[in-house]
Amino acid sequence: VSDGWSLGILLNEMAARYRAHKSGDAGALPRLPLQYADYAVWQRDWLSGDELQRQLQYWSSLLADSSGVLELPTDRPRPAEQTYKGASTLRVLNPELHRQLQQLAVHQKCTLYMVLLAAFDVLLGRWAAADEVVVGTPIAGRKHTELEGMIGFLSNTLALPARLEGDPAFNRLLAQLKATALEAYGHQELPFEKLVEVLQPERT
């Protein structure tokens with residue numbers, strides 16, 4: 001029922017109310033211009049209008065040639081039955097590498113996130129010997145300031161393709177990915193579930 005952004009709002013509001021209670025202040029939290037129900041009504045209306053078709057056309061065109069399946073080498077066979085058992089790993093970049101990556105982002109006029117995503121795309125592409133990689137990336141879904149203080153599930157997933165055919169130079173791939181990401185941010189309102197429902201990609 002909520003996303004990571006909402007958790008931060010909730011914790012800040014609880015802390016503010018706790019401080020107010022400790023000091024004997026009965027001050028109320030500021031009123032929100034919109035409630036989540038307002039957002040849900042807007043989204044439902046929006047999904048039945050012309051904007052829906054514009055968004056679907058954009059995403060369908062962007063992902064038209066994507067297979068969606070990467071044949072990655074694994075250290076054990078894929079189980080016959082899906083279990084959702086997994087793990088995570090954490091790696092910390094050393095300060096010098098972080099500084100160099102930041103400099104690259106500034107030089108290429110993009111964000112550090114775009115640099116790291118491009119590197120991840122290259123890694124996946126090489127491992128899978130693929131000419132294209134599509135990575136799903138989360139976005140907060142709060143383009144409008146009225147939504148910034150709202151608690152609810154507003155986040156979405158954007159499918160960002162990277163074209164790797166011809167083994168492009170990294171700065172060319174980065175420029176391509178930057179353009180793709182910026183366009184995708186402009187079409188972020190379409191729920192990922194709706195896109196999957198319409199495109200019906202092959203799933204395993």
Only unsatisfied item for Val69, checking (1) surrounded by 13 or more Cβ atoms within 10 Å (Cβ to Cβ); (2) assigned to a loop (DSSP other than H, G, I, E, B); (3) in contact with a strand residue (DSSP E or B) (Cβ under 9 Å, 6 or more places away or on another chain), is (3)
Among residues belonging to the stretch 183-197 that are among the hydrophobic types (A, V, I, L, M, F, W, C) and farther than 15 Å from Arg142 by Cα, point out the one that is surrounded by the most Cβ atoms within 10 Å (Cβ to Cβ). Leu195
Could you tell me which numbered condition Ala105 fails, if it satisfies all but one of (1) open to solvent by 30 Å² or more (accessible area, probe 1.4 Å); (2) of a type in the set (A, V, I, L, M, F, W, C); (3) at pLDDT 95 or above? (1)
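Filtering the stretch 110-139 down to residues that are of a type in the set (Asp, Glu) and open to solvent by 10 Å² or more (accessible area, probe 1.4 Å), which residue is farthest from the chain's Cα centre (by Cα)?
The initial filter retains those residues of the stretch 110-139 that are of a type in the set (Asp, Glu), namely 121, 131-132.
Still in the list and also open to solvent by 10 Å² or more (accessible area, probe 1.4 Å): 131-132.
Details: Asp131: 22, Glu132: 18 Å.
Restricting to residues being of a type in the set (Asp, Glu) and open to solvent by 10 Å² or more (accessible area, probe 1.4 Å), the top hit is Asp131.
Would a scan of the stretch 1-21 turn up a residue that is among the aliphatic types (A, V, I, L, M), outside any helix (DSSP H, G or I) and open to solvent by less than 100 Å² (accessible area, probe 1.4 Å)? If you could, list the steps in order and put the result at the bottom.
Start the filter on the stretch 1-21 by keeping residues that are among the aliphatic types (A, V, I, L, M), which leaves 1, 7, 9-11, 14-16, 20.
Among the residues that remain, those that are also outside any helix (DSSP H, G or I) are: 1.
Narrowing further to those that are open to solvent by less than 100 Å² (accessible area, probe 1.4 Å): none.
Scanning the stretch 1-21, I find no residue that is among the aliphatic types (A, V, I, L, M), outside any helix (DSSP H, G or I) and open to solvent by less than 100 Å² (accessible area, probe 1.4 Å), so the answer is no.
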Considering the stretch 140-178, residues that are of a type in the set (Ser, Thr, Tyr) and open to solvent by less than 70 Å² (accessible area, probe 1.4 Å), and then whichever is farthest from Glu193 (Cα to Cα), we arrive at Ser155
Of the residues in the stretch 29-54, how many are surrounded by fewer than 12 Cβ atoms within 10 Å (Cβ to Cβ) and in a loop (DSSP other than H, G, I, E, B)? 5
What pairs can you find where one residue is in the stretch 67-86 and among the basic types (Lys, Arg), the other is open to solvent by less than 100 Å² (accessible area, probe 1.4 Å) and in a loop (DSSP other than H, G, I, E, B), and their Cβ atoms are less than 9 Å apart, with a gap of 6+ or different chains? Lys85/Pro79
Of the residues in the stretch 145-204, those that are assigned to a loop (DSSP other than H, G, I, E, B) and among the hydroxyl-bearing types (Ser, Thr, Tyr) come to Ser155, Thr204
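Look at the stretch 55-66 and say how many of its residues are over 21 Å from Lys143 (Cβ atoms), open to solvent by less than 80 Å² (accessible area, probe 1.4 Å) and part of a helix (DSSP H, G or I).
Result for the stretch 55-66: 1.
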Criterion first (of a type in the set (Val, Ile, Thr), over 23 Å from the mean Cα position of the chain (by Cα) and over 30 Å from Gly152 (Cα atoms)) does Thr83 satisfy it? no
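The values are calculated or read from the model by the stated rules, or taken from the named source; none is laboratory data. These numbers were taken from a predicted model, which means no experiment stands behind them. All Cβ positions, glycine included, derive from the backbone under ideal geometry; neighbour counts span all protein chains shown. All accessible areas refer to the heavy atoms of the entire protein, side chains included, with ligands and DNA or RNA removed. Shrake-Rupley method; radii C 1.70, N 1.55, O 1.52, S 1.80 Å.
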